[in-house]
Amino acid sequence: MTKLLTALFIKNKDDILNPDVRKAYGTLTGTVGILCNIFLFIVKFAAGIITSSISITADAFNNLSDAGSSVVALIGFRLAGKPADTDHPYGHGRIEYISALIIAFAILLMGFELFKSSAEKIIHPAEISFSIFSAAVLCISILIKLWIALFNRSIGKKLNASAMLAVSADSLNDSIATTAVLASLLVNLIWGINIDAYVGILVALFVIYSGYTAAKDTIEPLLGKAPDPDFLKAIKSCILSHKEISGIHDIIVHDYGPGRIIVSLHAEIPGNMNFMHAHDIIDSIEEEIKNKFNCRISIHMDPIATDDAIINELRDKVISLIKSIDSRFDIHDFRITDGPLRKNMIFDIEVPFDFKSNDDIVKAAVVKKIKNMDQNFYPVVTIDRVNDL
């Protein structure tokens with residue numbers, strides 16, 4: 001069904017980083033969600049009235065909130081597709097994250113309201129009655145919600161769209177909650193035990209958990225989460241495939257929404273290379289990265305000594321020293337400067353964020369090791385915290 005719908009309604013469906021294509025996907029999933037959830041609200045609300053079941057009525061209003069979430073997602077994708085303008089030079093892609101956050105808060109609000117109404121029913125219980133209609137409605141709801149979850153998950157993973165993944169998780173929890181509601185009706189029918197309000201509490205907890213996870217997954221990119229390690233490795237591998245580049249460091253990735261990534265980094269080149277030649281190489285690499293990874297990139301050239309045997313030997317010794325502290329450590333911008341009173345050994349150390357010792361302790365340990373190696377050098381060390389790749 002997913003393949004059929006995308007084939008019918010999405011032009012250029014594989015061009016997933018194209019804002020217009022993403023907008024079309026958002027429109028499709030939003031429309032499907034609105035129609036399905038409004039239908040489920042109507043039939044479940046009717047079933048809740050017929051059976052006097054708080055858990056069915058709660059489940060119905062949960063579907064109504066899901067329809068509202070689909071509206072927010074649809075609007076979010078359409079706004080995110082707007083092109084860059086004077087006030088928003090990097091586009092409007094982060095609206096996708098904001099719409100997902102609104103959905104998450106709506107889910108949380110509905111969950112707390114359902115919890116409150118179910119708790120009131122525990123204090124003031126009401127009789128419920130079983131009907132074939134209500135059981136059939138719940139069975140249909142479970143199947144529809146499972147399909148919506150799979151539909152949004154498939155497209156959400158394809159587009160890396162947090163709003164769709166939030167809807168998918170919520171729909172899966174809904175199907176589990178509706179199964180619990182159906183089970184409460186059967187328990188009441190077979191054993192005469194009314195657990196309706198308690199199942200309403202369970203439904204509310206499912207909804208609250210779904211809202212919490214959706215909010216957590218959405219807040220991270222808004223705060224600036226670490227970039228995808230596979231993305232960084234692929235960029236690094238592509239750049240280092242050029243023999244003129246000795247190393248790269250200080251990689252920064254700015255995420256302005258799916259398909260709107262800006263990367264900056266430093267690339268080490270031989271210090272004796274012709275400046276115009278070096279600039280031409282960097283330009284060609286930037287163009288290659290832009291076309292291959294659909295992102296903007298700015299590369300700063302760092303000239304280093306590559307034909308000085310003494311400096312190369314010292315660099316290798318320093319790398320060996322710092323890796324004796326932690327094998328993940330690395331260095332960049334290594335250089336030696338001769339002053340009137342001392343020789344400065346200048347370099348930056350790349351230390352993973354999860355390395356527990358603070359920067360001053362790391363720096364002191366490195367300086368001590370270099371002094372033990374050769375008293376003539378004065379180490380000038382800068383600590384760069386990086387992601388462990």
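Couple of notes before you dig in:
- Test: residue in segment 370-385 that is more than 17 Å from Ile252 (Cβ to Cβ) and under 28 Å from the mean Cα position of the chain (by Cα): no
- Filter pass, Pro221 being under 17 Å from the mean Cα position of the chain (by Cα) and over 21 Å from Glu96 (Cα atoms): no
- Of all residues making up segment 112-136, the number that are part of a helix (DSSP H, G or I) and surrounded by fewer than 24 Cβ atoms within 10 Å (Cβ to Cβ): 15
- Here segment 169-200 is the region considered, the condition is being buried (at least 23 other Cβ atoms within 10 Å of the Cβ) and of a type in the set (Gly, Ala, Ser), and the residue that is farthest from Phe130 (Cα to Cα) is Ser171.
- Residue identified as crowded, with 21+ Cβ neighbours inside 10 Å and polar (S, T, N, Q) among Asn37, Asn18: Asn37
- Odd one out for Leu74, checked against (1) out of contact with any Gly (no Cβ under 7 Å at 6 or more places or on another chain); (2) buried (at least 18 other Cβ atoms within 10 Å of the Cβ): (1)
- Only one of Ile322, Ile349, Ile289 that is under 30 Å from Lys82 (Cα atoms) and in contact with a helix residue (DSSP H, G or I) (Cβ under 8 Å, 6 or more places away or on another chain): Ile289
- One residue stands out in segment 342-389 among those that are in a helix (DSSP H, G or I) and touching a residue at least 24 places away in the same chain (Cβ under 8 Å): the one that is farthest from Phe231 (Cα to Cα), namely Met373.
- Scanning segment 159-183 for residues that are among the hydrophobic types (A, V, I, L, M, F, W, C), over 15 Å from Asn62 (Cβ atoms) and at pLDDT 80 or above returns Leu159, Met164, Leu165, Ala183.
- Just one of the listed residues (Leu108, Leu28) is closer than 30 Å to Leu5 by Cα and either among the hydrophobic types (A, V, I, L, M, F, W, C) or not assigned by TED's automatic domain parsing to the domain that holds Leu150 (or both), namely Leu28.
- Close contacts from segment 273-298, counting a first residue that is free of Cβ contacts under 8 Å to residues at least 12 places away in the same chain and under 17 Å from Ser241 (Cβ atoms) and a second that is hydrophobic (A, V, I, L, M, F, W, C) and outside any helix (DSSP H, G or I), with Cβ to Cβ under 8 Å and a gap of 6+ residues or different chains, come to Lys290/Ile297.
- Qualifying residue in segment 120-128 (condition: of a type in the set (Asp, Glu), within 18 Å of Ala46 (Cα to Cα) and touching a residue at least 24 places away in the same chain (Cβ under 8 Å)): yes
- Looking across segment 301-338, just one residue is of a type in the set (Gly, Ala, Ser) and touching a strand residue (DSSP E or B) at 6+ places or on another chain (Cβ under 8 Å), and that is Ala305.
- Residue pairs meeting the criteria (Cβ under 6 Å; at least 6 apart or on separate chains; first within 16 Å of Glu244 (Cα to Cα), in segment 302-316; second assigned to a helix (DSSP H, G or I) and of a type in the set (D, E, K, R)): none
- Picking from residues in segment 175-205 that are part of a helix (DSSP H, G or I) and of a type in the set (S, T, N, Q), the one that is farthest from the chain's Cα centre (by Cα) is Asn188.
The values are calculated or read from the model by the stated rules, or taken from the named source; none is laboratory data. All of these numbers come straight from a predicted model, not from anything done at the bench. When we count neighbours, we look across all protein chains shown, and the Cβ atoms used for this are built from the backbone with ideal geometry, even at glycine.
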